[in-house]
Amino acid sequence: MSHDHNHLPTEIRHEKPLWWALGLTTSYLVVEVIGAFWTNSLALLSDAAHMATDAIGLMIALTAVRLSRRPPDAKRTYGYARLEALGAVVNGLLLFGVGIYILVEAVQRFQQPQAIASTGMMWVAAFGLVVNLIAMRLLSAGSGESLNVKGAYLEVWSDMLGSVAVIAGGLIIHFTGWTLVDPILAVLIGLWVLPRTWVLLRDAINVLLEGVPKGVVLKDIEAALREQAGVAGIHDLHVWALASSTPALTVHVVMQDGQAPDALRRQLADMLHERFDIDHVTVQVEADHCGDDCADKKAGGGDHEHDHDHEGHAHGPDEQGHHGHVHR
């Protein structure tokens, strides 16, 4: 029986919204940078800096989406899906850098307040608010499925709040003349963004470290496997993610006497698909397993060794009665 292994995301649907969001963001970035120097507003410059990371993040996301479509090859047997997580890490680090820069500039403004052109500041921020709302609408559908789209969405969301804050600050400066509100807003925008940036980095690093995917409870999967008919025991259970929405699982299953290995494997794979939405499954079915006795005998110099090869599984019974099979 032949099996087709496609490690690419089952559906890459969010490239067009990313292109639209990139165009809008880049256009407004130029306007906002000019406006920040024209009005001498640090809050507007803070918003422009975040907008710059938006543009860079969107470029990274688009690059990752395109490269992730490349099929596996002899050097990268899982393909390029992990580029999504790498792009998200770069994006998060950029956001951290921008946040630190704005905080440093704000300290200097507290020490030496500067005059602000409040009317121009409000007009530029109002234009940015419209652009951010449109970009958020474009990216909202994919923010729950892709780390890169999520990162871009978080950045646009933070910029939207930044635009609102800048408009409010402009009103305060216009009617009260209190220019310190400008660096105060810049600091608040930075402090709002940094925790959300950490969440993005944490999720991306979890993918790169082959951690258990978000929303997956390993104990629940283990319990579900053990309670299946025909299963005498399991060991070497691993669950990780190839990308943010592509979980994978490998497990060794000791079958009860009289079971058909292929039927048991299909039964387990179907259960994992239906209950946990895990489609990339590798199940190695074993007729026997000595468990902890193997480790004891090897530690004590015994002559019985039980070796598990995690790099490849045979598609038929070996001399120990093991059956390896890859599903989906």
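The values are calculated or read from the model by the stated rules, or taken from the named source; none is laboratory data. As the structure is a prediction and not an experimental result, all values here were calculated from the model. Every residue, glycine as well, gets a Cβ built from its backbone with ideal geometry; the counts of neighbours run over all protein chains shown. Calculation scope for accessible area: heavy atoms of the full protein, side chains included, ligands and nucleic acids excluded. Shrake-Rupley method; radii C 1.70, N 1.55, O 1.52, S 1.80 Å.
Odds and ends about this structure:
- Among the candidates 162, 151, residue that is within 22 Å of residue 40 (Cα to Cα) and either open to solvent by less than 50 Å² (accessible area, probe 1.4 Å) or modelled with pLDDT of 85 or more (or both): 162
- Leading residue by the ranking (farthest from residue 52 (Cα to Cα)) among those in region 82-125 that are polar (S, T, N, Q) and surrounded by 14 or more Cβ atoms within 10 Å (Cβ to Cβ): 118
- For residue 82, the conditions (1) within 30 Å of residue 189 (Cβ to Cβ); (2) at pLDDT 75 or above all hold with the exception of (1).
- Taking the criterion of being open to solvent by 70 Å² or more (accessible area, probe 1.4 Å), under 30 Å from residue 160 (Cβ atoms) and not in a helix (DSSP H, G or I), the residues of region 187-243 that qualify are 214, 215.
- Search result, residues across region 20-37 that are of a type in the set (Val, Ile, Thr), under 26 Å from the mean Cα position of the chain (by Cα) and at pLDDT 85 or above: 26
- Residue check: residue 310 meets all listed conditions (1) in a loop (DSSP other than H, G, I, E, B); (2) at pLDDT 85 or above but one, namely (2).
- Given (1) open to solvent by less than 50 Å² (accessible area, probe 1.4 Å); (2) modelled with pLDDT of 75 or more; (3) in a loop (DSSP other than H, G, I, E, B), index of the condition residue 73 fails: (1)
- Hits in region 23-48 - residues which are open to solvent by 20 Å² or more (accessible area, probe 1.4 Å) and assigned to a helix (DSSP H, G or I): 23, 24, 26, 27, 29, 30, 31, 33, 34, 37, 38, 45
- Lone unmet requirement of (1) at pLDDT below 70; (2) of a type in the set (S, T, N, Q); (3) assigned to a helix (DSSP H, G or I) for residue 10: (3)
- Boolean, residue 96 is modelled with pLDDT of 80 or more and either farther than 16 Å from residue 185 by Cβ or in contact with a strand residue (DSSP E or B) (Cβ under 9 Å, 6 or more places away or on another chain) (or both): yes
- Of all residues in region 244-272, those being open to solvent by less than 20 Å² (accessible area, probe 1.4 Å) and in a helix (DSSP H, G or I) number 6.
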